[in-house]
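One structure below.
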Amino acid sequence: MEATIKIDGKDVRFKSTAATPMLYRQKFNRDLLRDIHSLADEINNPKAAGADLSIRALNTFENMAYIMAKQGDPDMVPETPQEWLDGFSVMPFYGIFPVLLDLWSGNVKGLEESKKKAELWIENLQLLSFCCVQSNSESPSEI
């Protein structure tokens, strides 16, 4: 899934695919799913986290945004998040995070649909296999 967001007067293309968690893990040695879960918990429980987001939450957001921007426009995004962030005077968390989360959610939804289809195929193959075994056992054997 892809989306373009205007940040600091620049159009930034973000992309999320099945490779996003792997790229995140390779670049930052962290698990994207766990980091997103922690970030979402902090956003949903502002009293527990305090008035402002923690440094860890902001870091997760910046890293996630960087990976998705790098996927969206690999030739235009620098090799480090620091270089990329230096290209903006401001990075509006609350304006960008919902879009990134939607991209990620759409990707996860696609994975869930694929998993359901695969499970259905497996179920059908098992049923077909069972029917073939039944059919073979009911037919007379050749001597």
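The values are calculated or read from the model by the stated rules, or taken from the named source; none is laboratory data. Remember, predicted model here, so these are calculated numbers, not experimental data. Neighbour counts run over all protein chains shown; Cβ positions are idealised from the backbone, glycine included.
Tally the residues that are in a helix (DSSP H, G or I) and surrounded by 13 or more Cβ atoms within 10 Å (Cβ to Cβ), restricting the search to region 2-32.
So the count comes out to 8.
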Task: Residue satisfying all of: in region 23-58; over 15 Å from the mean Cα position of the chain (by Cα) and within 14 Å of L100 (Cβ to Cβ); modelled with the lowest pLDDT among these - done: I43
Task: Yes/no for M68 being under 16 Å from P98 (Cβ atoms), at pLDDT 95 or above and either surrounded by 13 or more Cβ atoms within 10 Å (Cβ to Cβ) or not aromatic (F, W, Y) (or both) - done: yes
- [ ] Could you tell me which residue of region 72-107 is surrounded by the most Cβ atoms within 10 Å (Cβ to Cβ), considering only residues that are touching a Lys or Arg at 6+ places or on another chain (Cβ under 9 Å) and in a helix (DSSP H, G or I)?
- [x] L103
TODO: Name every residue in region 4-18 that is within 8 Å of the chain's Cα centre (by Cα) and of a type in the set (A, V, I, L, M, F, W, C), in order of residue number.
DONE: A18
- [ ] Sort through N29, N59, N44 and tell me the only one that's under 23 Å from G87 (Cβ atoms) and not aliphatic (A, V, I, L, M).
- [x] N59
Open item on the list: Checking the structure you have, find out if any residue of region 108-128 is surrounded by 13 or more Cβ atoms within 10 Å (Cβ to Cβ) and either modelled with pLDDT of 65 or more or not aliphatic (A, V, I, L, M) (or both).
Closed with: yes
